[in-house]
Structures are given as C-alpha cells and as structure tokens.
Amino acid sequence: MSARLSIPKVMLAIVRRDLSLALRRKNDSLSALFFFIVVASLFPLGIGPEPTLLAKIAPGMLWIAALLAAMLSLGRLFADDFQDGTLDQLVLTAIPLPLAVLSKTAAHWISSGLILTIASPILAIQFNLDAQSTGILVLSLLIGTPLLSLIGSIGAALTLATRGGGMLLSLLVLPLVIPVLIFGAGAVDAHHAGLPVDGHFYLLGAMLAIALFFAPIATAASLRIAVE
Amino acid sequence: MFSSGINWFKYAAPQRFYALTGTLIPYCVAIAVITTIIGLTIGLLIAPSDHQQGESYRIIFIHVPAAWMSMVIYLAVAFWAAIGLIFNARLASMFALALAPTGALMTFIALWTGSLWGKPTWGTYWVWDARLTSELILLFLYLGFLSLHASIEDTRKADRSAAVLAIVGVVNIPIIYFSVKWWNTLHQGASVSLTKAPTMATQMLTGMLIMTIAFWAYSFALSFYRCRTLILERERHTAWAQEAVK
C-alpha cells in the first residue's frame, strides 16, 4: 500500500464489495423481494378482492410490505462482517467510519429497497392503481426506502452484540420509521383525495437529508461500542 | 475549577449520590403524598364541573401530569444517557436506566387514562390520532431502550448502546409536543400555555399544577430508589456498598 487511498475510492470499493457479496448470495435479496410480493398478495385474500377498497389501501399496504421486507434483510447488514472480523478492519480503515457505514448502507439499499421500488409498479397494477398514483408511489418509495436503510442501520448496529437480535431489531427500528411510513403512504393518499402532494415529498426529502447526515454517525458510534 | 466554590462533581460519585438520595427520598415521598392529597381534593371535590364535559374531565388531574412526565422523563433519560456516553460517567448512565421504567409507566398511564377519557367524550377508547399514535411510539421507545439494555450482557456496553438509541429517539418528543398543532385531528389543543392566559378555571389549573408537583416528586423518589439499587448492584465489590447493605 504505497499511494494513499482517496475517500471516494474506498467508499466505492466498499459498495462494490457489498454488492458483489449480495450478488453471490442472491438468495438474500431475492427472499426480501419475494417476501414483499407474497405479503402484498396476502392482503386481497385477507380483506377481500373488492377493487375500489384495494386501490384505497394499496399505497399503505405496499409501504408496510416494503418496510417489513427491508427489516428482513437488515439483520445481516453488519452481522456477517461482525462474525468474520471484517468489521474490525472496517473500523480501522483510513476513511472515517461514518463514511464507510454510509457506503455499506448504500449497498444495502441498492440490494433491497431499490429492488422493491422497481418491483412496486407491477404490484400497483394488481391493486388497480392508476398510472399517476403509481408514479407517486414509486417516487415516494424511491425517497423513503433509503430512509429505511439509514434508520435501520442504527438498529442493526445496536443489536449486533445482543442475544436474539432479530425481534429486538424490529422493536427498535419500527417506531423510528413510522414518520416515513406516514408521509410515504400519505403522499399517494393525498393524491387520491385531490390534495397537493408536494408537502409530503418535501418532508420525506427533509427527513432523508437529516438521516443521511446523522444516521451514519449514530451507526458508527454503535459499531464502535459493539467491536470494542 | 469553578469560581463559585461549589463542586459540581461531588455527587457524581456513586457513593455520595447514594448517601444524598438516601436523605432526599423521604422528603420526595412526603411531598408526593401531601400534594397528591391536596391535588386530588381540589380536583375531585372543589373544582367546578366542566360546562362541556361535565364530570368526566376530572381525569385530567392524572392524565395531563402523566403525559407531561412521560415526555420530560424521556428527555431526562436521553440527557443522562448522553452524559454517560460522552463523559463516560457511570452514575449518569445508571440514572438514565433508573428513570426509564418510571417514564414507561407514565406513558402507559397517559395512554390508559386518555382512553378512559376518550370513551365518554369522543365515544371511543382509541383513535389513530396524531398525538395518541406518537405517545404510543414513545412507549415503544421506552420499551426498546429497556429491552436493548437488558439484552446486552456487558453493563458498560449495554449503557452505551442504549444511550445511542435514547438519543436517536429524541426526535419523537417534538413530534408529540407539536402534534396537536401540526395535525388537526381529534385530540384537543393544549389547555395550558406559558405564553397565554389559561383558558380553564383557576381551581382546575391549581389542582392540575399541584398534581404535577406530586408526579414530579413521585418520579424523583422512585428513580432515586431504583438508582440506589443499581448502584449497590454494580458497586457490590466495594467496601462501602457491602457496608451499606448490612
């Protein structure tokens, strides 16, 4: 190692490493995607196939399904690296830990949230959403799912050192992501009601900006506690 | 280091804090009992009936102080947890942990009395109103804090992990506090404000404020007591702690 590595290069390397790991184990990303689709398909069976009712509940339901699917893959965000010692190396890398965490979170989002967002229009068709509502839903998921990964990364880091972290992770993360759910699903609801949707997107965007800054710091602090 | 001559760190030592709270707890209990008696007498017997809600409003004397305490205690938990995390102060972390169960209890009381109050006035025990929902989230935050702490074996690690969670959860407090202003849902707006003249009868306000003092004193007494137990548990290897238990 002669030349100093630049921060963006290291960050990109972490993202690529995590993505190629995710590609090698397609099972993880695919199971999150299938979980999303299966949960979404259960709702019409449980509630009844009334088209107008389904169109009404579709945004909230798809959002909840996306949230649970993201929760499913969160547990492994740091767990594997923690077990095989990669995390210790990551803490010792030359770049600031929050930035390394941000790269890992970005990789997590691409392999979970982004895939769910891309799949969501197909599910929206099944629920009779019109084109415009679908567009708003996809956009709200596009801004909202990175938030789920960012806030979730705090919980994933905090539960690393615990016994039986899975249940605890949901208890810690779900209360914190409720505002995301409210405004994400609220955007499509507002559109249905003929109200302007800008406000919802501004709030989602503001939350994303705040989370982009603070969540990696909190996650990095939690990781330091876990590996010390 | 302080020109005032007061040593602010004197009671940061668990042993001195143990002794201090030992003297304070009886006073806190006495204040809590006396103010509860006075407050409830005013609230249940003296204060007039509400012109809209009749007698059912009287649960306000429990509901509002509990709701206030639920938020104040969360801020205190986050504050002391942060002090414990940043300055590596053991006592601060212990006090944060000691406060949390009382905070969870207050949140539960606020939700419970609120639903009892909701039935006669709104016709329902529960609605997904912004303030109710955010208060419910607060209960989950307390439970998350306590269960995260309980699930980590190493005490210091548990203190610090739970501290991070407490600090992150603070974002919920302004959401609860301003929820009645931001969302125009079922829950009524604030009746008491520091900047405006009160909109309620003087006796009601007096009763409520006295009950608030009672809740504060109760919370202090209980969290001091819990903190003393934590101190003894964690300092059990020291001579003074073994002496204190005898």
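The values are calculated or read from the model by the stated rules, or taken from the named source; none is laboratory data. From a predicted model like this one, the values you see are computed outputs, not experimental measurements. Quick reminder, even Gly has a Cβ in these numbers, built from the backbone with ideal geometry, and neighbours come from all protein chains shown.
Of the residues in the range A:51-64, at least one is of a type outside the set (Asp, Glu) and either in contact with a strand residue (DSSP E or B) (Cβ under 9 Å, 6 or more places away or on another chain) or within 22 Å of residue A:154 (Cα to Cα) (or both). Picking from residues in the range A:167-184 that are more than 11 Å from every other protein chain (Cβ to nearest Cβ) and in contact with a Gly (Cβ under 6 Å, 6 or more places away or on another chain), the one that is nearest to residue A:207 (Cα to Cα) is A:180. Which one of these is at pLDDT 75 or above, closer than 30 Å to residue A:215 by Cβ and part of a helix (DSSP H, G or I): B:153, B:135? Matching residue, one of B:153, B:135: B:135. Candidates are the residues of the range A:133-153 that are surrounded by fewer than 24 Cβ atoms within 10 Å (Cβ to Cβ) and small (Gly, Ala, Ser); the one that is nearest to the chain's Cα centre (by Cα) is A:135. Only one of the listed residues (B:125, B:74, B:57) is within 14 Å of another protein chain (Cβ to nearest Cβ) and either over 30 Å from residue B:227 (Cα atoms) or within 16 Å of the chain's Cα centre (by Cα) (or both). That residue is B:74. Restricting the range A:148-166 to residues that are more than 15 Å from residue A:225 (Cβ to Cβ) and at the interface with chain B (Cβ under 10 Å from one of its Cβ atoms), the residue that is modelled with the highest pLDDT is A:151.
Among the residues that make up the range A:47-62, is at least one of them within 27 Å of residue A:216 (Cα to Cα), buried (at least 16 other Cβ atoms within 10 Å of the Cβ) and not hydroxyl-bearing (Ser, Thr, Tyr)? Yes, there is a match, as at least one residue in the range A:47-62 is within 27 Å of residue A:216 (Cα to Cα), buried (at least 16 other Cβ atoms within 10 Å of the Cβ) and not hydroxyl-bearing (Ser, Thr, Tyr).
With respect to the conditions (1) away from chain B (no Cβ under 14 Å); (2) modelled with pLDDT of 90 or more; (3) out of contact with any Ser or Thr (no Cβ under 8 Å at 6 or more places or on another chain), residue A:137 lacks only one, and its number is (3). When restricted to residues that are of a type in the set (Gly, Ala, Ser), surrounded by 15 or more Cβ atoms within 10 Å (Cβ to Cβ) and not in a loop (DSSP other than H, G, I, E, B), the range B:20-52 contains 3. Taking (1) under 30 Å from residue B:155 (Cα atoms); (2) at pLDDT below 90; (3) surrounded by 15 or more Cβ atoms within 10 Å (Cβ to Cβ) in turn, residue B:220 satisfies each apart from (2). Filtered by the rule that a residue be more than 27 Å from residue A:220 (Cα to Cα) and out of contact with any helix residue (DSSP H, G or I) (no Cβ under 7 Å at 6 or more places or on another chain), the range B:61-100 gives a lone residue, B:72. Taken together, the residues in the range B:223-242 that are modelled with pLDDT of 90 or more and among the aliphatic types (A, V, I, L, M) amount to 3.
Only one of the numbered conditions (1) surrounded by fewer than 21 Cβ atoms within 10 Å (Cβ to Cβ); (2) more than 14 Å from chain A (Cβ to nearest Cβ); (3) within 16 Å of the chain's Cα centre (by Cα); (4) not hydroxyl-bearing (Ser, Thr, Tyr) is violated by residue B:95, and that is (1). Scanning the range B:165-182 for residues that are over 18 Å from residue B:104 (Cα atoms) and at pLDDT 90 or above returns no hits.
The set of residues in the range B:135-146 being over 16 Å from residue A:222 (Cα atoms) and either touching a strand residue (DSSP E or B) at 6+ places or on another chain (Cβ under 8 Å) or within 8 Å of chain A (Cβ to nearest Cβ) (or both) consists of B:137, B:140, B:141, B:143.
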